[in-house]
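Only one structure is covered here, and it is reproduced in the block below.
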Amino acid sequence: ENGEIRKGDRVKFVATGKEYFADEIGTLKLNQVPKEVIKTGDVGYIISGIKEAREVKVGDTITHKDRPCSEAIQGFEEVKPMVFAGIYPVDTEDYEELRESMHRLQLNDASLVFEPESSAALGFGFRCGFLGMLHMEIIQERLEREFDMTVITTVPNVSYKAYMTKDKEEVIVHNPSDLPDPSKLDSIEEPYIKANIITKSDFVGPIMSLCIQKRGTIMNQHYLTSDRVELVFEMPMGEIVFDFYDKLKTISKGYASFDYHQIGYRKSDLVKLDIRLNDEPVDALSSLIHRSNAYDFGKKICEKLKELLPRQQFEIRIQASIGAKIIARETISALRKDVTAKCYGGDISRKRKLLEKQKKGKKRMRQVGNVEIPQSAFMAVLKLD
């Protein structure tokens, strides 16, 4: 039998079990029109004393507390974040302002999940969960446009499942720095997606090469018309969070549509790639990556950082490592003064003594000197080619 809600009724949200009073109800036209009762077929609204946006799930069923429905309307699914990234204020003094902005954003976007985290390189910020890359870009854009916040976003990643050697315990890893010690790990699983790409037949070759490069497996190729093709791939979700969409649009000259849905987790040979500056790991640049891509990716990051980091009074060693093993290295040489300029003529031992003294000073400086990482370096890692 069809139901109704009256003003002042106590209503219940089926998925969360939370109960509220219907302080005001009505129908939605161009404006909200308050009413005493709303019935089947009305496009209505309900105002009650809900303090937290997370208490309400989009798609949930509302029922009467005293006359509850036997089952919820089908189709409701708990929204789970798929892509994770760190968001930090450019100026550490803006941390409280960023927290306030995130809470206000969450009021009208309950799918945004965040928790405080700190990074040695970037200070205090938030680990955020997004529904996908587009959602992440929208949140960034809204923070800048609506709240006038300039933020640094770290390398995005997906959530992985790590299984321990002892008692096969499952650990969900949202952040590369949370990955357990490799010696205690039995296996790692990563989320896979089924990707549907529709494009012009001229671009099939380059698109297939791109997907295979991203560890994709072609499942189907179907010609919709003589010059339009649908390609179906299965590929790791971690491979599309970087720059996949940009590259797809570039090689297809914009003539490609991309749609995907998750198909579960699969075992993968993943390793944690650390970036070190003068032997100090930079946690914000760590990433989980497939072993076959680790060397190339590490080499590219080292080369990019060499271009972007300003020279210091001491030498900077940039290293990419997997555990204790260094797989790529670049060196930024120190700025140095010509200490032998004041020596006129003769004695080589005097010059040698001055150079040795300078060398010792540089070594001491390297031990205590901090390497400043500009914001452009973090942004460049997201745009690596």
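Seen from all directions on average, the stretch 161-268 presents a Cα convex hull projection of 7.4 nm². Under the combined filter of DSSP loop state and at most 13 neighbouring Cβ atoms within 10 Å, the stretch 48-139 retains these trypsin sites (Lys or Arg not before Pro): K51, K65. For the chain, relative contact order (Cα pairs under 8 Å, six or more residues apart, normalised by length) works out to 11 percent. Under 5 Å from the amide H of E117 lie the amide H atoms of G125, F126, R127, each residue being 5 or more positions distant or on a separate chain, with H modelled from the backbone and absent for Pro and chain starts. Compactness of the stretch 7-110 is given as radius of gyration and Dmax, 17.6, 53 Å, from Cα positions.
Taking the longest Cα principal axis of the chain as reference, the axis of helix 133-147 is set at about 90 degrees. Considering helices alone, the calculated mean residue ellipticity of the chain at 222 nm is -7500 deg cm²/dmol, with DSSP H runs of length four and up weighted by -39500 (n - 2.57) and normalised per residue. Helix 291-308 and the long axis of the chain differ in direction by around 70°, with both axes built from C-alpha atoms.
When the alpha carbon gyration tensor of the stretch 83-154 is reduced to an equivalent ellipsoid, its three semi-axes come out at 17, 14, 11 angstrom, largest first. Each residue of the stretch 88-98 was assigned a 3J(HN,Hα) from its phi angle through the Karplus expression (A = 6.51, B = -1.76, C = 1.60, θ = phi - 60°), giving 10, x, 4, 9, 4, 5, 8, 4, 5, 5, 5 Hz with x at Gly and Pro.
The residues neighbouring G254, those whose beta-carbon lies less than 14 Å from its own, together hold a net charge of +2 under the Lys/Arg +1, Asp/Glu -1 convention.
Greater than 28 Å separation of Cα atoms is the criterion. Which listed pairs, K166/K272; K39/K80; K247/K325; K325/K357, meet it? Too far apart for the 28 Å limit: K39/K80; K247/K325; K325/K357.
Computed from the C-alpha gyration tensor, the three semi-axes of the ellipsoid equivalent to the chain are 51, 28, 20 Å, from longest to shortest. Grab the other residues whose beta carbon is less than 9 angstrom from that of M235, score K and R as +1, D and E as -1, and report the net. Net charge around M235: +1.
Taking Lys and Arg as +1 and Asp and Glu as -1, the other residues whose beta-carbon sits under 15 Å from that of I198 total +1.
Values in this text are rule-based calculations from the coordinates and carry no lab data. Because the structure is predicted, anything quoted here is derived from the model rather than measured. As a convention, Cβ positions derive from the backbone with ideal geometry for all residues, glycine included, and neighbour counts pool all protein chains shown.
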